[in-house]
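**Q** Pasting a structure here, questions to come.
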Amino acid sequence: VQAVGLPIHARTPGALNPAVRQSNIYSTICVSGYSTSVRPKESYTESLKFAQLDHGYNLHGDTSAAHYEEDHLIPLEVGGSPTSVKNLWPEPRNVIWSAQRKDRLENLAHRLVCSGALSLAAAQRMFAENWIAGYRHYVEG
């Protein structure tokens, strides 16, 4: 059973940006404005969201695009791929494990990686495997 708030792993396993490595985080993800500089155009993500919703990637048949945020499973802030369909999914907004909660964890993980408290690989793995468990550990801890 797929937990509400997690992507379908077979369709969205996560994908990394090969330009981001632990050795260069201070010249990539830890630079102010990095995420904005690599974020894909909204026309790309919105088009992908509509296609995914139309092809069964939705919650209980709800295909209203307004109820979802096309999100990067492995966030850009920790070196996720900006455009890979393996890293983008329609994340529900109005559920307990919502896009807003994941955003909170994304911001915290970014700070932890850039401060050296969490490795880049550990942050990426946390999002790819189960961001809800990561939220419970790091945010609710």
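**Q** Can you confirm whether ARG93 is of a type outside the set (A, V, I, L, M, F, W, C) and touching a residue at least 24 places away in the same chain (Cβ under 8 Å)? Step through it out loud before you land on a result.
**A** Values: of a type outside the set (A, V, I, L, M, F, W, C): yes; touching a residue at least 24 places away in the same chain (Cβ under 8 Å): yes.
Yes: the conditions hold for ARG93.
**Q** So which residues in the stretch 1-60 are of a type in the set (Gly, Ala, Ser), within 15 Å of the chain's Cα centre (by Cα) and in a helix (DSSP H, G or I)? Break it down into steps so the answer makes sense when it comes.
**A** Narrowing the stretch 1-60 to residues of a type in the set (Gly, Ala, Ser): 3, 5, 10, 14-15, 19, 23, 27, 32-33, 35, 37, 43, 47, 51, 56.
Still in the list and also within 15 Å of the chain's Cα centre (by Cα): 5, 14-15, 35.
Passing the criteria: only SER35.
**Q** Still on this structure, I have one more. Only one residue in ARG93, ARG104 is over 19 Å from TYR26 (Cβ atoms), in contact with a His (Cβ under 6 Å, 6 or more places away or on another chain) and surrounded by fewer than 16 Cβ atoms within 10 Å (Cβ to Cβ). Which one? Outline the logic, then answer.
**A** Details: ARG104 fails: in contact with a His (Cβ under 6 Å, 6 or more places away or on another chain).
Result: ARG93 is the single residue among ARG93, ARG104 that is over 19 Å from TYR26 (Cβ atoms), in contact with a His (Cβ under 6 Å, 6 or more places away or on another chain) and surrounded by fewer than 16 Cβ atoms within 10 Å (Cβ to Cβ).
**Q** Quick check on the stretch 12-49: of everything there that is within 21 Å of PRO90 (Cβ to Cβ) and either among the β-branched types (Val, Ile, Thr) or modelled with pLDDT under 95 (or both), which residue is surrounded by the most Cβ atoms within 10 Å (Cβ to Cβ)?
**A** Ranking the candidates gives THR12 first.
**Q** Would the stretch 89-106 turn up any residue that is within 17 Å of ALA15 (Cα to Cα), over 10 Å from the mean Cα position of the chain (by Cα) and among the aliphatic types (A, V, I, L, M)?
**A** no
**Q** Can you pull out every residue in the stretch 99-119 that is over 18 Å from GLY33 (Cα atoms) and in contact (Cβ under 8 Å) with a residue 12 or more places away in the chain? Break it down into steps so the answer makes sense when it comes.
**A** Taking the stretch 99-119 first, the residues over 18 Å from GLY33 (Cα atoms) are 99-102, 105, 116-119.
Within the stretch 99-119, ALA99, ARG101, LYS102, LEU105, SER119 meet the criteria.
The values are calculated or read from the model by the stated rules, or taken from the named source; none is laboratory data. These figures come from a predicted structure and were not determined experimentally. With ideal geometry, Cβ positions are generated from the backbone for all residues, glycine too; neighbour counts draw on all protein chains shown.
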